[in-house]
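Before any comments, here is the structure.
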Amino acid sequence: MSLFIERGVLPLANIQQKLIALTFDDGPSLYTNQILDILDGYTIKATFFVVGEAVKKYPEIIRRIKKENHVIGNHTWNHPSILEISSVELSDQIVKTNEAIKEVLNEEPILFRAPYGSIDNESFQLIRSLGLTSVLWNVDSLDWSINESSALEKRIKKDTVSDSIILLHDGNQYGSGPRDVTVKSLPQIIDYLIKEGYTFVTIPEFHQHCFKIEKW
Ligand SMILES: [Zn+2]
C-alpha cells in the first residue's frame, strides 16, 4: 500500500492530524477578494459554497478562487430554503448554478450546501441523484449576526474541536450583511488554529480523511 503525494492529494488517510476545513458561503462578493488575500498570505486552502446569481455577477472572482486552488461548491441559484420549494425548483436551482459555474470554469462542482442547513431526506436524495454530495458544518461561527471580532473569535475558539468544518460567510447578501467583521477576524482565527496545531484542508480532503480514502 502506498501513499500518493501529489499536487492536491494529501496522504491523510493514515495520519493522525487535527484537521480543520474553513468554508465560506453566499459569495462571491467583493469581500471574497479580501478573504482570498488573507488565505493566500497563509497558503491555506478553503471551500467556497457559491450562489448562482452571484457567480453571474462576479465571474472573475470565481476564476480567482479556482486559480488559487480553493474548492467551489454549489449553494443554489438565489438562496431559498430548499424545504420550501418543489423538487423541480430545487433541481433548477442546482442545475442552473452548476451551469453558471461551468460557463466560467469549464467544470462543475460536486459539492452542495443547503441554505440555512435546511435539508430533509427527500431533498438529500434529489441532490445525490444530480451527482452532488451534501455538506453541512459542525461549527457555526454565526458571523452574520456577530458585530465584534472578539466575539466571533471567542465563539470559534469555544466550539472548534479536531476534524471540524467551520461555517463562515464571504457573501454579503441573503441575510449575511456586511462581512467586515469576518474579514477583520479571519487572521486572528487562523493564527489561533495554527497555534493549536490544526491542519487546514478543503472539503474533499476532509472527506478523504474522514472516510479513510487513500486517493480520490
Ligand atoms: Zn447561505
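Here, each number is a calculation from the coordinates, and none is a lab measurement. Since the structure is predicted, the reported quantities are computational estimates derived from the model, not experimental observations. Don't worry about glycine lacking a Cβ; one is built from the backbone with ideal geometry, like all the others, and counts go over all protein chains shown.
Have a look at Ile72, Ile82, Ser118 and report the one farthest towards the positive end of the charge dipole of the stretch 48-140, computed about the Cα centre with Cβ charges (Lys/Arg +1, Asp/Glu -1).
Result: Ile72, furthest along the dipole toward the positive end.
Multiply the residue separation of Asp37 and Ser91 by 0.36 nm, subtract the distance between their alpha-carbon atoms, and state the gained length in nm to one decimal.
Working: separation 54, 0.36 × 54 = 19.44 nm, distance 3.37 nm.
Once the chain is fully extended between Asp37 and Ser91, it gains 16.1 nm.
If you place +1 on the Cβ of every Lys and Arg, -1 on the Cβ of every Asp and Glu, and leave all else neutral, what size is the dipole of the stretch 151-197 about its Cα centre, to the nearest 20 Debye? Write out the running numbers ahead of the final one.
Details: 7 positive and 7 negative charges, 35 e Å.
Magnitude of the dipole: close to 160 debye.
Let me know the number of lysine pairs in the stretch 129-215 closer than 24 Å at the Cα, not counting same-chain pairs under 8 apart. If you can, show how the numbers build up before the last one.
Values: Lys154/Lys184; Lys154/Lys195; Lys157/Lys184; Lys157/Lys195; Lys158/Lys184; Lys158/Lys195; Lys184/Lys195.
Close lysine pairs found across the stretch 129-215: 7.
Would you mind ranking Ile20, Ile101 by Cβ crowding within 10 Å, fewest neighbours first?
Working: Ile20 27, Ile101 22.
By the 10 Å Cβ count, ascending, the order reads Ile101, Ile20.
If you rank His207, His169 by fewest surrounding Cβ atoms within 10 Å, what's the result?
His207, His169
At 7 Å along the Cα-to-beta-carbon direction for both Arg63 and Asp120, put a label point, then send me their distance in nm to one decimal.
Taking the two extended label points, one gets 4.2 nm.
Could you list which residues have their amide H under 5 Å from that of Leu19, counting only those 5 or more apart in sequence or on another chain, with H placed in the peptide plane?
Asp163, Ser164, Thr199
I want to make sure I understand the PRE zone here: with the label point 7 angstrom from the Cα of Lys18 toward its beta carbon, which residues in the stretch 173-198 have backbone N atoms less than 12 Å away?
In the stretch 173-198, the label zone of Lys18 (backbone N under 12 Å from the point 7 Å along Cα→Cβ) covers 192-198.
Residue by residue, what Karplus-based ³J(HN,Hα) values in Hz, rounded to whole numbers, does the stretch 115-122 have, using 6.51, -1.76 and 1.60 with θ = phi - 60° and x for Gly and Pro?
Karplus-based 3J(HN,Hα) across the stretch 115-122 equals x, 6, x, 8, 8, 10, 4, 5 Hz.
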